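Q: The structure follows.
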Amino acid sequence: MKMYDLPDDSGHFGIYGGVFVAETLIHALDELRQAYQRYRNDPEFQAELAYELKHYVGRPSPIYHAKRLSSKFGGAQILLKREDLNHTGAHKINNTVGQALLARRMGKPRVIAETGAGMHGVAAATVAARYGMECVVYMGSEDIKRQSTNVYRMKLLGASVVPVESGSKTLKDALNEAMRDWVTHVENTFYIIGSVAGPHPYPMMVRDFQSVIGREAKTQMLEMFGRQPDALIACVGGGSNAIGLFYPYIDDQNVRFIGVEAGGMGIATGKHAATLCVGKPGVLHGSRTYLMQDEKGQIQETHSISAGLDYPGVGPEHAWLKDSGRAEYVSVTDDEALQAFHDLCHLEGIIPALECAHALAYAAKIAPQMGKDKLLLVNLSGRGDKDMNTVANLSGIKF
Amino acid sequence: MSRIAATFSHLQQQRKKALIPFITAGDPEPSMTVEIMHALCNSGADIIELGVPFSDPMADGPTIQRSSERALKHGIGLKQIFELVAEFRKSNQNTPVVLMGYANPIEALGYQKFIELAEVSGVDGVLVVDYPPEESVELAKHLERHHIDPIYLLSPTTTEARIGQVANLSRGYVYYVSLKGVTGAKHLDLSDVEKKLLQIRSHTKLPVGVGFGVRDAQTAKAVAKLADAVVVGSRIVEEVENSARQEVLSRVSALVKELRQAIDQR
């Protein structure tokens, strides 16, 4: 059987992906592609990355068998890949460490990033401090209101946080603004994209940096259970934590991939961010992929309780995995995610981020229909500290 | 000969340079677009770049972003823009119209439908900011078959090797983005532009337009000495934004006349 080898040389996953950017950025992307090509197989680069992931990020992250949660559902065993235990509290840092090391080798003293919930912004600000680089983070002014703690964290780490007032004032607009900055300062600036989105080589590069999640899981599953899981479940906004878990399993056809999107207030209400479930292919932010858009091709505003999933696009590789049938994509509502959030708090003593609470909520749906000998590996991509205000507000509590 | 080629050849005979103003279709409201287009022509425009508004205009500065938002409030889309162009064509068969915008509205309509409607309505050229040649060879060929010029951007960061490839696919004119940045920025460097234009001209005989950062008559005049066409966008859109409705036409006309005079005066 042919091994999976996408993207192709021009950055395409079937009809998806590619390099849909203005001419000014073509050269910068060529440079980045060449640099990444050179260092992805460079032993010295890989050794430094491995060292940083171990000693700075705190990897490997453990797999935890959530026994009380599993017995509540009365079916499949639920295992959690604990990305929430990483430094800065989410999987995002796996990628920012990698890109920062690359930026240093490319001689770029300034890094920029976009952020929605603020987790990628914090991870970018963290590595910028760690390696002594200037850092500017673009964040929608709506998100700044929702995630004030993360804004303060970024500032503590020495980054400038620039509020973005255009469009819907959320993640997609922050990405537009970061692109505009990059076009303007292309010589000294490295753009650290936080998800498997954007023009080639970003979707491939971010996937590769996040793949440490799935590579570790493969080893850990064998050690703990003597076999691989029956299904992998991860939330999908842009899709970086999901790809990070899925990718190393891509040729293991008997491992199911399930990506869980934000169903918001319900698909029927139109207030959701379930791009792969109901969107249509188009071009945004440098690649062809599924998008939430109206019939005229204008990008639509999305809704999710979790700012990190509130994005009208999705990584192009997920678009390909959907069309090829290798992965399934489903959605759960805000309410279902909240229920899963509280269950994990009460039964396992773990406060998850609202993003990965979506993955937990879907595990809760399918686990009861499966035998007790089945293994579901859920990517617990981040911790929930950042969501205290959101959850408290829903319960009518103000700090 | 295409309307764009005819325009440039006519100007060359008169030893004049082209003035290409940009406006956003539907800004400040769709009912004013055709009137503004006629006013541009009457004040000295040779070609009109008509912006197709998009919700996420990545390459545009704040001025054109706001104009897109104003236009989109009226729900304008490609089909309505083609109707506006057709209406403009009823009384103007000479001035080329170039649609300038982003990929997704075209993707949503579909290539075939887009090209059919463009041809029927009298569109002469198409410039899609986020369709670099690598991603649009097929579209460019379709456009050409339907007598519409695919126009591509060149930038200060475009390598010499690439200039030839891009120019090869372009028809009508090539558009040199004079600075690293978004539309409406303020730091165009004339000596850089001069150097790059020499490089570009060694690879193509197509006319070269220069835009991004032409903010006043003086810059327009200086750019006209180097290029075949001067593109002015944000400065005109600013005039639309800052005028009361009843003054939009007169103020835009006054500005375009001033630019016309400046580039003709050499």
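Q: Near A:Lys374, which aspartates and glutamates are there with a Cα under 13 Å away, not counting those fewer than 8 places off in the same chain?
A: A:Asp230
Q: Eigenvalues of the Cα gyration tensor times 5, then square-rooted: what semi-axes does that give for chain A, in whole angstrom, largest first?
A: Ellipsoid semi-axes (Å, largest first): 29, 24, 22.
Q: Give me the dipole magnitude in Debye, nearest 20, for the protein assembly as shown about the Cα centre, with unit charges on the beta carbon: positive for Lys and Arg, negative for Asp and Glu.
A: Details: 71 positive and 76 negative charges, 134 e Å.
That gives a dipole near 640 debye.
Q: Right, something else. Given R₀ = 35 Å, FRET efficiency for B:Glu35-A:Lys145 by Cβ-Cβ distance, to 0.05?
A: After rounding to 0.05, the efficiency reads 0.30.
Q: Let me ask something else. What part of the accessible area of the stretch B:3-264, given as a whole %, is carbon or sulfur when the probe is 1.4 angstrom? Intermediate results must be reported in sequence, preceding the final value.
A: Details: 4750 of 9860 Å².
Result for the stretch B:3-264: 48 percent of the exposed heavy-atom area is carbon or sulfur.
Q: Hey, with R₀ at 60 Å, roughly what FRET efficiency would B:Lys113 and A:Glu223 work out to, going by the Cβ-Cβ distance, to 0.05?
A: On the way: r = 56 Å, r/R0 = 0.94.
The pair B:Lys113/A:Glu223 has a calculated efficiency of 0.60.
Q: Any idea which of A:Gly107, A:His12, A:Ile93 is furthest toward the positive side of the dipole for the stretch A:6-107, if Lys and Arg beta-carbons carry +1 and Asp and Glu beta-carbons -1?
A: With unit charges placed on the Cβ atoms, the residue in question is A:Ile93.
Q: Going down the table (A:Lys145/B:Lys180; B:Lys141/B:Lys196; B:Lys73/B:Lys205; A:Lys108/B:Lys195; B:Lys90/B:Lys225), which pairs top 30 Å between alpha carbons? Before the final figure, lay out each step's value.
A: Values: A:Lys145/B:Lys180 32 Å; B:Lys141/B:Lys196 27 Å; B:Lys73/B:Lys205 41 Å; A:Lys108/B:Lys195 26 Å; B:Lys90/B:Lys225 34 Å.
Over 30 Å Cα-Cα: A:Lys145/B:Lys180; B:Lys73/B:Lys205; B:Lys90/B:Lys225.
Q: Might you report the magnitude of the Cβ-based charge dipole of the stretch B:1-70 about its Cα centre, with Lys and Arg at +1 and Asp and Glu at -1, to the nearest 20 debye? Before the final figure, lay out each step's value.
A: Numbers: 6 positive and 8 negative charges, 97 e Å.
With Lys and Arg at +1 and Asp and Glu at -1, about 460 debye.
Q: When Lys and Arg each count +1 and Asp and Glu each count -1, what net charge do the other residues less than 12 Å away from B:Val208, Cβ to Cβ, add up to?
A: On the way: positive: B:Lys17, B:Lys196, B:Arg201, B:Lys205; negative: B:Glu194, B:Asp228.
That sum, taken over residues with Cβ under 12 Å, equals +2.
Q: Counting only protein heavy atoms and a 1.4 Å probe, tell me what percentage of the stretch A:205-362's accessible area is made up of carbon and sulfur.
A: On the way: 2370 of 4710 Å².
Whole-percent figure for carbon plus sulfur exposure: 50.
Q: Using modelled backbone amide H atoms (1.01 Å from N, in-plane), which distant-in-sequence or interchain residues come within less than 5 Å of B:Val232's amide H?
A: The answer is B:Ile20, B:Phe22.
Q: Compute the distance in nm between two label points, each set 7 Å from the Cα along the Cα-to-Cβ direction, one at A:Tyr51 and one at B:Gln246.
A: Here the answer is 7.4 nm between the modelled labels.
Q: Rg/Rh for the stretch A:1-139 to two decimals, with Rh computed the Kirkwood way over all alpha-carbon pairs. Intermediate values should be presented prior to the final figure.
A: Numbers: Rg = 18.5 Å, Rh = 17.7 Å.
Ratio value, two decimals: 1.04.
Q: Points 7 angstrom from Cα along the Cβ direction at A:His342 and A:Asn393: gap in nanometres?
A: 1.9
Q: Something else about it: Would you mind estimating how fast the stretch B:104-143 diffuses translationally, via Stokes-Einstein at 20 °C and 1.002 mPa s with the Kirkwood radius over Cα pairs, in µm²/s?
A: On the way: Rh = 10.6 Å.
Calculated translational D: 203 µm²/s.
Q: For the stretch A:61-141, report the translational diffusion coefficient in µm²/s to the nearest whole number, using Stokes-Einstein at 20 °C, 1.002 mPa s, and a Kirkwood Rh over Cα pairs.
A: Once the numbers are plugged in, D ends up at 148 µm²/s.
Q: Dividing the Cα convex hull volume of the protein assembly as shown by residue count, how many Å³ per residue is that? Please list the in-between numbers first.
A: Working: hull volume 103.1 nm³, N = 665.
Convex hull volume per residue, Cα atoms: 155 Å³.
Q: For n ≥ 4 DSSP H runs only, could you compute -39500 (n - 2.57) per run for the protein assembly as shown, divide by its residues and tell me the 222 nm figure to the nearest 500? Please report the intermediate quantities before stating the final value.
A: Values: 28 runs with 302 residues, N = 665.
That comes out to -13500 deg cm²/dmol.
Q: With a 1.4 Å probe and all protein chains in place, put A:Trp320, A:Trp182 in order of accessible area, largest first.
A: Values: A:Trp320 75, A:Trp182 10 Å².
Accessible-area ranking of A:Trp320, A:Trp182, largest first: A:Trp320, A:Trp182.
Q: Pairs of alpha-carbon atoms within less than 8 angstrom and 6+ residues apart define the contacts here; what relative contact order does the stretch B:163-210 have, in percent? Mind showing how you got there, number by number?
A: Values: 36 pairs, mean separation 29.5, N = 48.
For the stretch B:163-210, the relative contact order is 62 percent.
Q: Using just the Cα positions, wrap the stretch B:3-264 in a convex hull and report its mean projected area in square nanometres, one decimal place.
A: On the way: hull surface 48.4 nm².
The Cα convex hull of the stretch B:3-264, projected and averaged over all directions, gives 12.1 nm².
Q: Right, another one. Estimate the FRET efficiency between B:Leu198 and A:Arg68 by the formula 1/(1 + (r/R0)^6), using the beta-carbon distance for r and 60 Å for R0, to the nearest 0.05.
A: 0.25
Q: A further question follows. How large is the dipole of the stretch B:3-264 about the Cα centre if only Lys and Arg carry +1 and Asp and Glu carry -1, each at its Cβ, rounded to the nearest 20 debye?
A: Numbers: 29 positive and 32 negative charges, 154 e Å.
That gives a dipole near 740 debye.
The values are calculated or read from the model by the stated rules, or taken from the named source; none is laboratory data. Quick caveat: nothing in here was measured; it's all calculated off a predicted structure. With ideal geometry, Cβ positions are generated from the backbone for all residues, glycine too; neighbour counts draw on all protein chains shown. The accessibility values were calculated without ligands, DNA or RNA, using every heavy atom of the protein model including side chains. Shrake-Rupley method; radii C 1.70, N 1.55, O 1.52, S 1.80 Å.
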